[in-house]
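*Asks:* Quick one: the structure is below, questions incoming.
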Amino acid sequence: MSEDAPTVILDTNALMMPVELGVRVFDELDRLVGDADLVVPRAVLAELEKLSEAGNGEAATAAAVGRDLAARCRAVDTEASYADDAVVELAAGDAAADYAVTNDRPLRDRLLERGVRVIGLRGRTTLEITEP
């Protein structure tokens, strides 16, 4: 990864997209932004862990897969313990990220209001960038 690689923050549902929606998240990110510094707040990792232990359904499976996929990202500490707040803190803070990946509409709106470019679902299995 080059020093000028864009920083991309992934939220909980972004890491669950492969199971829940059939989206190849990392392939799509590579297509959209190329070589990137992929970041996951520790609060997102905690949420994935909690969801994966919550039962045997598709959400638990998706969270377990998401937790495994998160190993491909750099885990980052934040002040916020709630996953969405941690994503916003990282994306719009002093070391602002270039992009945040989410399919969560309220979170997307919060990010766009703060000037953060959001990568989200377009169509069935394709991601696109929404400019603020």
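Any read-out appearing in this document is the output of simple, stated calculations on the displayed coordinates, not a laboratory observation. Given the structure is predicted, the values throughout are model-derived calculations rather than measurements. Neighbour counts are summed over all protein chains in view; Cβ atoms, including those assigned to glycine, are modelled from backbone coordinates with ideal geometry.
*Asks:* Karplus couplings for the range 68-84 from phi (6.51 cos²θ - 1.76 cosθ + 1.60, θ = phi - 60°), rounded to Hz, Gly and Pro as x?
*Replies:* 5, 5, 4, 4, 7, 10, 8, 7, 10, 7, 9, 5, 6, 9, 7, 4, 4
*Asks:* Over the chain, what is the relative contact order in percent, taking alpha-carbon pairs closer than 8 angstrom and at least six residues apart?
*Replies:* Computed over the chain, the figure is 29 percent.
*Asks:* Would you mind calculating the gained length between residue 27 and residue 82 on full extension (0.36 nm times residue separation, minus the Cα-Cα distance), in nm to one decimal?
*Replies:* Here the segment from residue 27 to residue 82 would lengthen by 17.1 nm.
*Asks:* What FRET efficiency comes out for residue 105 versus residue 61 if R0 is 30 angstrom and r is the Cβ-Cβ distance? Round to the nearest 0.05.
*Replies:* Efficiency computed from Cβ-Cβ geometry: 0.80.
*Asks:* Apply the Karplus parameterisation 6.51 cos²θ - 1.76 cosθ + 1.60, with θ equal to phi minus 60°, to every residue of the range 13-29 and state each ³J(HN,Hα) to the nearest whole Hz, in sequence, with x for glycine and proline.
*Replies:* Once rounded to whole Hz, the list reads 6, 4, 6, 8, 4, x, 7, 6, 10, x, 8, 8, 4, 5, 5, 5, 5.
*Asks:* Still on this model: Could you give each residue of the range 102-109 its phi-based ³J(HN,Hα) in whole Hz, using Karplus coefficients 6.51, -1.76, 1.60 with θ = phi - 60°, and x for Gly or Pro?
*Replies:* Couplings: 7, 10, 8, 4, x, 5, 4, 5 Hz.
*Asks:* Considering amide H positions built from the backbone, and no H for Pro or chain starts, which residues 5 or more places from residue 9, or on another chain, come under 5 Å of its amide H?
*Replies:* 39, 99, 100, 101
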